[in-house]
Every structure is written in structure tokens, then in C-alpha cells.
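What follows is a short report on a single structure.
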Amino acid sequence: MLQFKLVLLGDSSVGKSSIVHRFVKDSFDEFRESTIGAAFLSQTVKLEKHQDVTIKFEIWDTAGQERYKSLAPMYYRNANAALVVYDVTQPDSLVKAQSWVEELKHKVGDQDLVICLVGNKLDLCETDASARQVDVEDAQAYSKEQKLLFHEVSAKTGAGVGQIFQEIGEHVYER
Ligand code: GTP
Ligand code: MG
């Protein structure tokens, strides 16, 4: 089995831990506590495109609070993939995500790293269209320009979460 290291980065409360828990445990917690330092989890995926390939992701879920920012390089160093997460209802969180993308490209280089931009909390726009504060077209255009993978998801409903890891799996495997 192939093992790849994946790191999650992004502002506090955008839903990094919730995405990981949806992927690893298929569960969601309305009252998840903010991560302290970082958390480690692992999960395997069977690639749909390459039937005989199973990938194990070793996942570092970092803490988004500003006071932990200096720890991030420990987790993104040697990473094969990064999920940079923002909240589709919080435009500032996209600005923060973009600064993580710049830091990753500067410090790790996008030759070695598969980066996926992820807009989370899509369920909030489905119940109330005015909740959306980041246009999907804008995030998509930015991702294209920066050569990032891009997904909008909901950790709450699970929509799109599996696709992130399938697509990243294919990319790290084919690299
Ligand atoms: P830090 O650990 O502080 O960096 O935050 P985080 O990015 O890990 O966020 P976390 O997963 O703890 O989620 C923050 C809050 O948002 C929690 O109350 C979650 O229940 C909620 N949340 C996360 N994902 C979703 C989602 O897809 N939809 C909705 N409606 N709420 C979500
Ligand atoms: Mg967290």
C-alpha cells in the first residue's frame, strides 16, 4: 500500500477537522472544539480510476488559530498534498487560504505538492442563498490560475468530501 502525507491548512473554524472527521469516521459534530497544535489521523482510499490501487493518507490536521501559525511548517514540510480550506460564508477566510497557498508555493514548491483549495460549509448556502459570500466562479478562476485542484464541500452533509480524496489520491499516485 502506498502512503502519502496530507496536511490541512486554513483559518480557525473553517471546518478542517470536520472535513477530516467526515472522511475518516463519516461523522459530523456541530460543537467540535478548536484544534490545539495539530491532530493526526489516517485513512485509506481505493482509487476509482486505478482499481487495484489503495492509498493510505497520513493526515495532519493543523490548528488554524493565529497562535499556532509558527507550527505549520513542521506539518507541511515533506507533505505530498495540502488541503487549503476556507468557508464559503466568510470572505476573509479565502484571503487567508490564498496566503497559505503562497506560503506553500514559496516554501515547498508546487512541483512536489498537490494543492487543493476547498470551500466548505456549502450546506449553509443551500438553506439560505444569501449566506454565500464567496462566488464559486471567483474561487474556481483563482484555482485555475494557480494550478490548484478545487472543490466546494459540506463536512456537515458529506457532499463532495469523498471526491477531494479520490482526486488527490489520483494526482499523488500519478505523480
Ligand atoms: P480550528 O481547529 O480552530 O483550526 O478550526 P477547524 O477549521 O478545524 O474547524 P472545525 O472543524 O472545528 O469547525 C468549526 C465549526 O464549524 C464547528 O462548530 C463545526 O460544527 C462547524 N462546521 C464545520 N464544517 C461545517 C459544514 O460543512 N457546515 C456547517 N454548517 N458547519 C460546519
Ligand atoms: Mg480543527
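The values are calculated or read from the model by the stated rules, or taken from the named source; none is laboratory data. For clarity, every value in this text was computed on a predicted model and none was experimentally measured. Counting neighbours? That spans all protein chains shown, and the Cβs are built from the backbone with ideal geometry, glycine included.
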Scanning the stretch 115-126 for residues that are among the aliphatic types (A, V, I, L, M), within 17 Å of the chain's Cα centre (by Cα) and surrounded by fewer than 23 Cβ atoms within 10 Å (Cβ to Cβ) gives Leu122
Among the residues of the stretch 40-51, the number that are exposed (fewer than 13 other Cβ atoms within 10 Å of the Cβ) and in contact with a strand residue (DSSP E or B) (Cβ under 9 Å, 6 or more places away or on another chain) is 3
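With respect to Asp26, is the statement that it is on the phi > 0 side of the Ramachandran plot and either touching a Gly at 6+ places or on another chain (Cβ under 8 Å) or of a type outside the set (Phe, Trp, Tyr) (or both) true?
Values: on the phi > 0 side of the Ramachandran plot: yes; either touching a Gly at 6+ places or on another chain (Cβ under 8 Å) or of a type outside the set (Phe, Trp, Tyr) (or both): yes.
Considered against the rule, which asks whether it is on the phi > 0 side of the Ramachandran plot and either touching a Gly at 6+ places or on another chain (Cβ under 8 Å) or of a type outside the set (Phe, Trp, Tyr) (or both), Asp26 comes out as yes.
Yes/no per residue for (1) within 16 Å of ligand 2 (Cβ to nearest atom); (2) over 16 Å from Val161 (Cα atoms):
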site	(1), (2)
Met1	no, yes
Phe23	yes, no
Phe28	yes, no
Thr35	yes, yes
Asp52	no, yes
Tyr86	yes, no
Val101	no, yes
Restricting attention to the stretch 15-38, the residues that are within 6 Å of ligand 1 (Cβ to nearest atom), among the hydroxyl-bearing types (Ser, Thr, Tyr), more than 20 Å from Leu71 (Cα to Cα) and in contact with a helix residue (DSSP H, G or I) (Cβ under 9 Å, 6 or more places away or on another chain) number exactly 0
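Could you count how many residues in the stretch 57-77 are loosely packed, with under 15 Cβ neighbours inside 10 Å and modelled with pLDDT of 95 or more?
To start, the set of residues in the stretch 57-77 that are loosely packed, with under 15 Cβ neighbours inside 10 Å comprises 65-67, 69-71, 73-74, 77.
Okay, now just the ones that are also modelled with pLDDT of 95 or more, so 65-67, 69-71, 73-74.
So the count comes out to 8.
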For the stretch 49-76, the count of residues that are in contact with an Asp or Glu (Cβ under 8 Å, 6 or more places away or on another chain) and more than 16 Å from ligand 1 (Cβ to nearest atom) equals 2
